[in-house]
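The values are calculated or read from the model by the stated rules, or taken from the named source; none is laboratory data. A quick note: this is a predicted structure, and the numbers were derived from the prediction, not measured. Cβ placement follows ideal geometry from the backbone for every residue including glycine, while neighbour counts extend to all protein chains displayed.
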Amino acid sequence: MKSIVFFNNNSDVGKTSLVYHLAWAYADLGIKVLAADFDPQANLSGMFLEEERQEELWPEKEHTQTILTSLNPSTLEVTKPYNDKYCLSVLQHYRSLMSMALEAHKPMFHLKPADGAMGSHVWAVKDSGKEFEKVARSIAESCDINVK
């Protein structure tokens, strides 16, 4: 089993959005994916789960069904960090699609006109899919993960 870990101690740099979209991109490429959310805010989990399921998992003041209760994030070993030689910053151009993606509970590159992706957003959706696939493939290659 190969592991890819994203870590940055700065907040609001796009880690959660990146991991969410890369998880979908890898799944679209036929790779089995487990996205583990070790952040106490659980924003990644919230992106994958419907609100009713979140309420089941996180009743007020009791979080016994989360990974965080069984693991201490500080004990995780981060290996083979990814160098931004393939310009992850290009993905920031798709921020306008993020609110639609969150509301639709799907990655931005799966948005349809019914989700609000109309007009110039249609091209941005297509372009974002290509960009995320390129980034996913480059990260997989640097981690020796075979992608079809």
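Values for this structure:
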read-out: Selection from segment 15-70 of residues that are out of contact with any Leu (no Cβ under 9 Å at 6 or more places or on another chain), among the hydrophobic types (A, V, I, L, M, F, W, C) and either more than 25 Å from residue 1 (Cβ to Cβ) or modelled with pLDDT of 80 or more (or both); value: 22, 24, 25, 27, 29, 31, 34, 44, 48, 58
read-out: Condition met for residue 103 (acidic (Asp, Glu), within 24 Å of residue 125 (Cβ to Cβ), part of a helix (DSSP H, G or I) and at pLDDT 75 or above); value: yes
read-out: Per-region count, segment 36-47, residues surrounded by 16 or more Cβ atoms within 10 Å (Cβ to Cβ) and either out of contact with any Asp or Glu (no Cβ under 9 Å at 6 or more places or on another chain) or not polar (S, T, N, Q) (or both); value: 6
